[in-house]
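What follows is a set of notes on a single structure, which appears directly below.
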C-alpha cells in the first residue's frame, strides 16, 4: 500500500502556540519521510525530512517525531507565527520506488 | 526561486481539446517528476523521467502522456480534456535518478482550467 494518511485537514493555531500535524503510512519499504511547505501560488518546498533510523529531528522551530513501530510520524511547529500559515504535506519515499508519495495536506492558519 | 521553470502559468481551454505543459528542470538535474494537484486529491504523482527515460508511473490517465527531451526539459501532454482535468500541474526536478534524498524542487505550477 503506497498511501500516506495525514490529519488534520485544517488547523487553526494562535500565535505562539504549537501546531501538530500527524501522518501515517503502511508500506514498510518507505525509508525517507520529508515534509513540504506550500504557500499560495507557489510550489511545495522541502521543509524538513527524517529517516526511520532516528526518532526525532529538529530544525529551528520545526521538529519531526518518528515512530517506526506504529508507522507514524508528525510535525511539530513550536511558537507558531502568522508567517507559518501555509499548506503542509507529509510524504514518503522508498528505495525501490522512483516517486515520492504525498499525504493530502494540512492547511495551517496561525492567527495573531 | 527553485530554479524549475514551468510554462504556461495559466491555461484556459475547452473540453475535448489538447494542451502541452512544459517544464525546464534546475540546471544539472536529470530527473523530472509531474504531479497533479486538485482541491480534493492533494498532490497526485503522475510520472517520473530520468535522463530521457521513463522511470515510474503513477495514476496517469491514458489521455495523458509525457516525455523528456535530450536537453532534459519535459512536456506533459493532456488530450481529450474533460472538466475534471482542471487542476494545478506541478513539475519537480531532482539531481539524482534514484532521488535517494527524496528532495524535490518544484516549479510554480501550470493552472489548467477546462471549460
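Throughout, read-outs are computed from the coordinates displayed, never taken from laboratory work. As the structure is a prediction and not an experimental result, all values here were calculated from the model. Cβ atoms come from the backbone with ideal geometry, glycine included; neighbour counts cover every protein chain shown.
To the nearest µm²/s, what D does Stokes-Einstein give for the protein assembly as shown at 37 °C and 0.692 mPa s, using the Kirkwood radius over alpha carbon pairs as Rh? The diffusion coefficient I find is 183 µm²/s.
Across A:24, A:92, A:45, mean-square fluctuation computed from a Gaussian network of chain A (C-alpha pairs under 10 Å connected) peaks at A:45. On the principal axes of its alpha-carbon atoms, segment A:4-101 has extents of 39, 28, 22 Å, going from largest to smallest. Using a cutoff of 8 angstrom between alpha carbon atoms and counting only pairs six or more residues apart, the relative contact order for segment B:28-78 works out to 27 percent. Within the listed set B:90, B:45, B:69, the Gaussian network model of chain B (springs between alpha-carbon atoms below 10 Å) gives the highest mean-square fluctuation for B:69. Relative contact order of segment A:4-101, taken over Cα pairs closer than 8 Å and 6 or more residues apart, is 35 percent.
Kirkwood hydrodynamic radius computed over chain B comes to 13.9 Å, based on all pairs of distinct alpha carbons.
For chain B, a Gaussian network of Cα nodes joined below 10 Å ranks B:62, B:53, B:75 by mean-square fluctuation, and the top entry is B:62. Label-to-label distance for residue B:15 and residue A:2 is 3.0 nm, based on points extended 7 Å past Cα in the beta-carbon direction. Just report the Cα centroid separation between segment B:38-68 and segment A:1-59, whole Å. Here the answer is 22 Å between Cα centres.
With a simple spin-label model that places each label point 7 Å from the Cα along the Cα-to-Cβ direction, the separation between residue B:39 and residue B:1 comes to 3.3 nm. Inter-label distance, residue A:57 to residue B:62: 4.1 nm, where each label sits 7 Å from its Cα along the C-beta direction.
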